[in-house]
Amino acid sequence: MFDVLPQLPADPILGLSTAFKADTNPNKIDLGVGVYKDEQSNTPIFTSVAKAQGILLEKETSKTYIPPQGNQGYIDGFLSLLLGKGHTALLEDRVAAVQAPGGTGSLRILSDLLKRCNSNAKVWVSDPTWANHIPLIQNAGLELATYTYFDKETAGINFDAMVACLEKVDKDDIVLLHGCCHNPTGADLTNEQWDKVLEIAQNRGFIPFIDVAYLGFGDGLDEDAYGLRLLTSNLPEVLIAASCSKNFGLYRERVGLAAIVTASTVTRKVVQSQIQSVARGNYSMPPSYGGALVDIILSNEVLKTEWVNEVESMRLRMSSLRQLLLDKLNENGASKDFSFITKQKGMFSFLCITPEQVQAVRDKHSVYFVGSSRVNIAGISKSNVDTLAKALVSVL
Ligand code: LMR
């Protein structure tokens with residue numbers, strides 16, 4: 001029976017780790033998968049998370065199922081972090097939510113929900129967007145369309161063209177927006193541009209679907225939530241897929257949140273029953289461990305402060321690595337203006353070089369990053385930045 005299936009190529013992002021591991025060059029550099037690394041290229045467990053693990057070990061007395069919606073403490077704590085404590089939708093009991101397996105699981109739950117609401121729903125994604133958005137949305141049976149976003153010539157957002165596209169989006173279509181730290185470009189909307197997106201959403205009646213996986217890595221935890229809070233405060237319906245993979249370093253624990261801001265408590269209850277049924281039909285209930293850790297951290301002022309400081313130091317380190325890379329590129333005589341690297345936000349920078357140049361850096365210098373020219377800034381260190389800059393300059 002399986003003879004009918006073709007062999008598929010490696011995943012454009014995850015496949016890079018396999019290729020990197022197989023490379024025997026001692027000076028190889030991994031800027032592929034979006035995972036935070038420290039100066040020694042390790043991805044350590046956060047100190048706040050390690051302490052929460054100790055607390056959980058003491059307090060967990062059973063491995064019975066957790067409720068269908070997941071850990072309610074985690075859901076409430078994470079929603080308050082995302083939306084802000086006194087958010088009207090929370091006070092008015094208008095937010096349906098389930099803990100889901102990672103940001104990807106959250107995106108899929110919400111996509112399945114959209115399919116249930118409207119089998120012809122069209123989802124608009126930015127051009128470009130996270131590579132996995134496309135198969136994920138299509139696998140849920142939804143129609144996909146793209147809106148103009150990034151301009152490779154200016155290495156920034158072509159906001160006029162984006163506005164022109166959004167102004168043609170139909171009522172009840174879905175527009176997928178990156179809450180902050182756009183993946184793959186690192187080019188984020190300014191607060192004024194978010195204001196404009198809100199105005200268009202109000203005029204056109206489309207529904208924002210916000211993917212937020214890097215909160216705290218751009219300008220700070222509250223600053224990065226500007227668009228998310230603006231849209232959820234001023235629109236009756238918004239979908240949110242959030243992840244704790246990066247900003248709690250809980251990648252392998254698969255901790256995410258699928259939330260829907262609805263217009264009323266009555267609708268909230270209906271939607272809650274629907275997303276729980278979507279989850280039940282897929283995997284019953286989410287894994288417990290990671291959500292329990294986040295719940296412990298967010299509900300303990302001391303641990304929360306420690307976690308906030310850890311996220312902030314990661315943010316500042318990534319920001320300084322941007323400057324370091326730019327300086328080294330210039331020192332090595334780069335013929336291209338790379339000053340945009342320090343304007344982009346979060347974990348990724350889009351170098352705006354060709355796929356052939358990306359391949360050449362990989363083949364000749366064992367530097368691995370996504371074919372679109374997305375590099376993981378956190379993979380840069382003081383010890384590899386010179387090699388990296390020389391490799392990039394050599395293929396320009
Ligand atoms: C990435 O974009 O590199 C990460 O979100 C990991 C993934 O699953 O693609």
Quiz item: For segment 175-228 and segment 283-312, what is the separation of their Cα centres, given in Å?
Solution: 23
Quiz item: Which order do Asp30, Asp11 fall in if you start with the one that has the fewest other Cβ atoms within 10 Å?
Solution: Asp11, Asp30
Quiz item: With a 10 Å Cβ neighbour count serving as the proxy for reagent exposure, in which order, fewest first, do Cys181, Cys165 appear?
Solution: Cys165, Cys181
Quiz item: Relative contact order (percent) for the chain, with alpha-carbon contacts under 8 angstrom and 6 or more residues of separation?
Solution: 26
Quiz prompt | Shape of the chain, Cα gyration tensor, a/c cut at 1.5 | solution = prolate
Self-check item: Dipole in debye (nearest 20) - segment 243-396, about Cα centre, beta carbon charges: Lys, Arg +1; Asp, Glu -1
Solution: 340
Quiz prompt | Within the chain, longest stretch clear of exposed GluC sites (Glu not before Pro) (DSSP loop, no more than 15 other Cβ within 10 Å) | solution = 168-396
Self-check item: Exposure proxy order (Cβ contacts within 10 Å, fewest to most) of His133, His87
Solution: His87, His133
Exercise. Kindly write out, for segment 278-289 in residue order, the coupling ³J(HN,Hα) from the Karplus curve 6.51 cos²θ - 1.76 cosθ + 1.60 (θ = phi - 60°), rounded to whole Hz, with x marking Gly and Pro.
Key: 4, 5, 4, x, 9, 8, 6, 9, x, x, 8, 3
Quiz item: Which percent, to the nearest 5, of DSSP beta bridges fully inside the chain are antiparallel?
Solution: 45
Exercise. Using the Karplus curve 6.51 cos²θ - 1.76 cosθ + 1.60 with θ = phi - 60°, work out ³J(HN,Hα) for each residue of segment 292-307 in order, rounded to whole Hz, and write x for Gly and Pro.
Key: 5, 5, 5, 4, 4, 5, 6, 9, 10, 4, 5, 5, 5, 4, 4, 5
Quiz item: Is segment 272-371 best put as rounded, prolate or oblate by its Cα gyration tensor, with a ≥ b ≥ c the root eigenvalues, rounded for a/c under 1.5, and otherwise prolate when a/b is larger than b/c, oblate when not?
Solution: oblate
Quiz item: For the chain, modelled as a GNM with alpha-carbon contacts under 10 angstrom, which of Tyr283, Tyr149, Tyr74 fluctuates the most?
Solution: Tyr283
Quiz item: Calculated FRET efficiency, Ser320 and Asp363, Cβ-Cβ r, R0 45 Å, to nearest 0.05?
Solution: 0.90
Self-check item: Global form of segment 14-137, assessed from the alpha-carbon gyration tensor, a/c cut-off 1.5
Solution: oblate
Quiz item: What percent does the relative contact order of segment 65-299 come to when contacts are Cα pairs within less than 8 Å and at least six residues apart?
Solution: 32
Quiz item: Roughly what angle does helix 102-117 make with the longest principal axis of the chain, taking Cα atoms, 0 to 90 degrees, to the nearest 10?
Solution: 50
Quiz item: In whole Å, how far is the Cα centre of segment 99-163 from that of segment 361-390?
Solution: 28
Quiz item: Counting Lys +1, Arg +1, Asp -1, Glu -1, what net charge surrounds Ile275 among other residues with beta carbon under 10 Å of its beta carbon?
Solution: +1
Quiz item: Just how large is the dipole of segment 65-299 about the Cα centre, in debye to the nearest 20, putting +1 at every Lys and Arg Cβ and -1 at every Asp and Glu Cβ?
Solution: 920
Quiz item: Considering the dipole of segment 65-299 built from charges on the beta carbon (Lys and Arg +1, Asp and Glu -1) around the Cα centre, which of Ala263, Leu110, Val278 is farthest to its positive end?
Solution: Val278
Quiz item: How long is the gain from Asp337 to Lys59 if the chain were fully straight, where each residue apart is worth 0.36 nm and the alpha carbon distance is subtracted?
Solution: 94.6 nm
Self-check item: Nearest-20 debye value, the chain charge dipole, Cβ charges on Lys, Arg, Asp, Glu
Solution: 660
Exercise. Towards the positive end of the charge dipole of segment 1-151, with charges on Cβ (+1 Lys, Arg; -1 Asp, Glu), say which of Pro135, Leu79, Asn120 has the farthest Cα.
Key: Leu79
Quiz item: Too long at a 20 Å Cα-Cα cut-off: which of Lys246/Lys328; Lys152/Lys336; Lys28/Lys390?
Solution: Lys246/Lys328
Self-check item: FRET efficiency estimate (nearest 0.05) - Cβ-Cβ, Glu223 to Asp23, R0 41 angstrom
Solution: 0.60
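Each reported figure results from applying straightforward, stated rules to the coordinates on display, with no laboratory input. Please read these numbers as outputs of a predicted model, since none were measured by experiment. So basically every Cβ, Gly included, is an ideal-geometry build from the backbone, and we count neighbours across all protein chains shown.
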